[in-house]
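Have a look at the structure below before the remarks.
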Amino acid sequence: MNLKELGSLKYFIAFIVVFVGFYIYSGIIGWKWLGSTSTEKTKTEKNGTYHPRYFHK
Amino acid sequence: MLKDQTKICVECNTVHTVIGNLSTLLVCRNCGNIIGNETSIDIAKRTLIDGWSTIRIGSKGKYKERTFEIIGRIHLLLRRDYKDFWCVWMEEDSAYAWLMESFGRYAFCQDSLFNIEGSVDLYLAQKVNLTERTDVVIDLIDRCDYLAYEGESKGWQDFNEGFEVAQGTTEKFFAFFICSKQNAEMKFLLGEWVDFEDLKLSQIRDWDKAVEIRNEITIPCPSCKHVNIPRGRSLTLALTCESCGKYFTNRKWSKQVVKFNEVAVPAIPIGAKGKIDGITYEVMSFAVKYVRKYKYRWREYLLFNPNKGQVYLSEYDGHWNFMRPVPFFEKPKAKTEFDYKNNQFRLYQKFHATIVFAKGEFFTDAFSITEGTHCEEHIAPPYLLSAEHDSASYRWFEGEYKSRDEISNAFTSTSLVLPPKKGRGYTQPVIDSFSPQSIIQLCFITFFLVIGIQFFFAETSKEKEVFEQTFHRPEGSADQKMLVTPSFYLEGSSKSLVMQLTAPVNNDWFYGEFTLINESDNSEYDFSKEIEYYSGVEEGEAWSEGAIREEAFLSRIPGGSYHINIYPQFSNYNNQFSIRVIRDVANFSNMWLTLLILSIFPIFYFIRRYHIERKRWSDSDYSPYDN
């Protein structure tokens, strides 16, 4: 692999740099891309101590 | 002759001063008259027709840090080649040497000829042991039919013309064998190959200016008597007539005249100059070659540079290969696949070609030699390695695929109309600009980096348990009720959070809805989990499904105080469950996903490459894809 070949692969190398950077960032903030438990993020006005729910059974 | 002795040519009165201390022959550099002859043979005056060398008498250079001066020359015209042995005088050592020049190849030789004892029959590809460490391989057997001298020389001109010669080479050494049939005597000259640039020659000719050339050469056409003036001067052994277009040789051993039935127009005109790989070449000739076996024809251009020799450009369906001679190569015997310059070459085709049209000047009898030559082409796209051998020579050529643009850019001074590209060339790389090895190397480095980073994450993740508690169904309660955990603190900035949920169920279930609540900003993360575990025996075989433990992986949970609201649903039999909350847990799925995504381009590239290679080799009799 020489400099000429590296130059020809510049777009692939740029993609590698960006994607590996994103992978590192995800690792730092604890972001699991797939298989993470889906959550619904909301804001409560009741100080989080009570949340009405529908119970079945 | 004595050093510094002055001698005057009786014919042209040119004054000569002897430079060497043991010179045995002095030929007038002006008129070719023999001024002094202390050799054992009679040497007649002979006109030495200049070839196209840039070296001349008086040129100075350096070899292994020793300076030298060119003082004379012996010119041997062979049937397939020529050899100029320039006599070298090294004043510092008071020593002679020979600088062999032939089509851009140079070898610095010792001054003396060595005798070979006994009768030796040389044949092509024979290994000849010359010294303890030198075995040369014979790659040329030829005959010298013309011999001429110039200037001052010493020693080995005890042969008159009409002798057999052979050339032996190794990667480092050059040996030139001279055999006189009259007395069955064989001698050889031994030297080392040297690059033109390494000789640091000065006072040489500008190869493009003929002002110093003494005499013009003319070659009349044997058919129409048109007088042709060859650009290659004495190097031109065969040519096509500028007037009638017939091919003929201008040497006494061959009187062949060929009239071609086909007519073709070269895409690069004869005489055009182009710069390829930093070297300027001039187009000398053009030939259309045909292989009857494959009904395949291609066009071949002979290009020449006086200091670098002859090279070839071949074109087929708009695909170009640039070919140059290989100084020395020994292919592993009986192998169709071998390594050369870190590339694995494989035999692609074997053929005999004929020339069906030619135009321009040739340095050999190209028509006859092509007909008698067996060719083997090995490819490692974009590279090509071709072996050509006949009864008298074994030659290797290395080639490289050139794009249409590269050819256009090489001949910028000439307006070219190049043939359009059709299909895929047999040496055309899948992607021109990089090799498969570079992709593999890049992927290897990247994968190693990603795996290394993942191990770093795994090693540095804290995996700290921040909360653990077992909950029971409230007694006497028929309804499901909400449970609230005590507060717990998540350290640091955004990290992952894993909640492990365990319920001792057997053929039973547990379901819960959970709300992770940030107590400082009241943000909530809602999720649900269900635990099911069933087992039994059916037809004598035990089975089970589900598990008593489930795990929730929550991404990007900021630091702060939290508690969890739990809305459990118990079955009739299960009354408890437990929760364990762990902060900052590494996950490996991102790594696998990264490796997969980064593999998409290489996988696509290699699949495409496989199909292209398979199609490329479908035209070959030696396809590795055939069973």
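The values are calculated or read from the model by the stated rules, or taken from the named source; none is laboratory data. Everything numeric here is computed off the predicted structure, so don't read it as measured data. Neighbour counts run over all protein chains shown; Cβ positions are idealised from the backbone, glycine included.
Side notes on the structure shown:
- Counted residues, the range B:109-130 - those being part of a loop (DSSP other than H, G, I, E, B) and modelled with pLDDT of 80 or more: 9
- The set of residues from the range B:29-77 being surrounded by fewer than 20 Cβ atoms within 10 Å (Cβ to Cβ), touching a helix residue (DSSP H, G or I) at 6+ places or on another chain (Cβ under 9 Å) and more than 21 Å from B:Leu237 (Cβ to Cβ) comprises B:Lys62, B:Tyr63.
- Condition met for B:Cys109 (of a type outside the set (Val, Ile, Thr) and more than 33 Å from the chain's Cα centre (by Cα)): no
- The single condition from (1) out of contact with any strand residue (DSSP E or B) (no Cβ under 7 Å at 6 or more places or on another chain); (2) modelled with pLDDT under 90; (3) of a type in the set (A, V, I, L, M, F, W, C) that B:Ile439 fails is (2).
- Filtered residues of the range B:509-540 (kept if more than 12 Å from every other protein chain (Cβ to nearest Cβ) and among the polar types (S, T, N, Q)): B:Ser535
- Pair list, Cβ < 9 Å and 6+ apart or interchain, from the range B:240-256 residues that are acidic (Asp, Glu) to residues that are surrounded by 15 or more Cβ atoms within 10 Å (Cβ to Cβ): B:Glu242/B:Cys221; B:Glu242/B:Asn228
- Put simply, of B:Ile49, B:Ile35, B:Ile55 the only residue that is outside the structural domain of B:Ala238 (by TED's automatic domain parsing), among the β-branched types (Val, Ile, Thr) and touching a Phe, Trp or Tyr at 6+ places or on another chain (Cβ under 9 Å) is B:Ile55.
- Test: residue in the range B:442-458 that is crowded, with 16+ Cβ neighbours inside 10 Å, at pLDDT 90 or above and among the polar types (S, T, N, Q): yes
- Residues (part of a loop (DSSP other than H, G, I, E, B) and crowded, with 19+ Cβ neighbours inside 10 Å) located in the range B:2-17: B:Cys9
- Selected residue [at pLDDT below 95, assigned to a loop (DSSP other than H, G, I, E, B), over 18 Å from B:Ile57 (Cα atoms) and not assigned by TED's automatic domain parsing to the domain that holds B:Ile49] from B:Glu242, B:Glu212: B:Glu242
- Top-ranked residue of the range A:21-37 - restricted to ones that are out of contact with any Ser or Thr (no Cβ under 7 Å at 6 or more places or on another chain) and within 7 Å of chain B (Cβ to nearest Cβ), ranked as nearest to B:Ile440 (Cα to Cα): A:Ile24
- Strands (runs of 3 or more DSSP E) (entirely within the range B:279-343) containing at least 3 residues that are buried (at least 16 other Cβ atoms within 10 Å of the Cβ): B:279-291, B:296-305, B:309-316, B:319-326
- Residue check, B:Ile612 more than 9 Å from every other protein chain (Cβ to nearest Cβ), buried (at least 16 other Cβ atoms within 10 Å of the Cβ) and assigned to a helix (DSSP H, G or I): yes
One line per residue, one yes/no per condition, for (1) modelled with pLDDT under 80; (2) touching a helix residue (DSSP H, G or I) at 6+ places or on another chain (Cβ under 7 Å); (3) crowded, with 19+ Cβ neighbours inside 10 Å; (4) assigned by TED's automatic domain parsing to the domain that holds B:Asn30:
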residue	(1), (2), (3), (4)
B:Glu132	yes, no, no, yes
B:Arg143	no, no, no, yes
B:Tyr146	no, no, no, yes
B:Tyr149	no, no, yes, yes
B:Glu152	no, no, yes, yes
B:Thr169	no, no, yes, yes
B:Ser180	yes, no, no, yes
B:Met186	no, no, yes, yes
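- If the condition is being hydroxyl-bearing (Ser, Thr, Tyr) and surrounded by 20 or more Cβ atoms within 10 Å (Cβ to Cβ), then the range B:240-278 contributes B:Thr240, B:Tyr247, B:Thr249.
- B:Arg583 satisfies every condition listed in (1) basic (Lys, Arg); (2) within 13 Å of chain A (Cβ to nearest Cβ); (3) within 20 Å of B:Gln441 (Cβ to Cβ) except (3).
- Test result for B:Lys464, within 60 Å of the chain's Cα centre (by Cα), surrounded by 12 or more Cβ atoms within 10 Å (Cβ to Cβ) and away from chain A (no Cβ under 11 Å): yes
- Filter pass, B:Tyr567 being facing another protein chain (nearest Cβ under 8 Å), over 28 Å from A:Ser26 (Cβ atoms) and not β-branched (Val, Ile, Thr): yes
- For the range B:217-239, a residue qualifies if it is closer than 15 Å to B:Arg251 by Cβ and outside any loop (DSSP other than H, G, I, E, B), and the qualifying residues are B:Ile219, B:Pro220, B:Asn228, B:Arg233, B:Ser234, B:Leu235, B:Ala238, B:Leu239.
- Residues of the range B:418-434 that are more than 14 Å from chain A (Cβ to nearest Cβ) and in contact with a helix residue (DSSP H, G or I) (Cβ under 7 Å, 6 or more places away or on another chain): B:Leu418, B:Lys421, B:Arg424, B:Tyr426.
- Test: residue in the range B:582-600 that is within 30 Å of B:Tyr489 (Cα to Cα), aromatic (Phe, Trp, Tyr) and out of contact with any helix residue (DSSP H, G or I) (no Cβ under 9 Å at 6 or more places or on another chain): no
- Meets criteria (buried (at least 17 other Cβ atoms within 10 Å of the Cβ), among the β-branched types (Val, Ile, Thr) and in contact (Cβ under 8 Å) with a residue 60 or more places away in the chain) for B:Val498: yes
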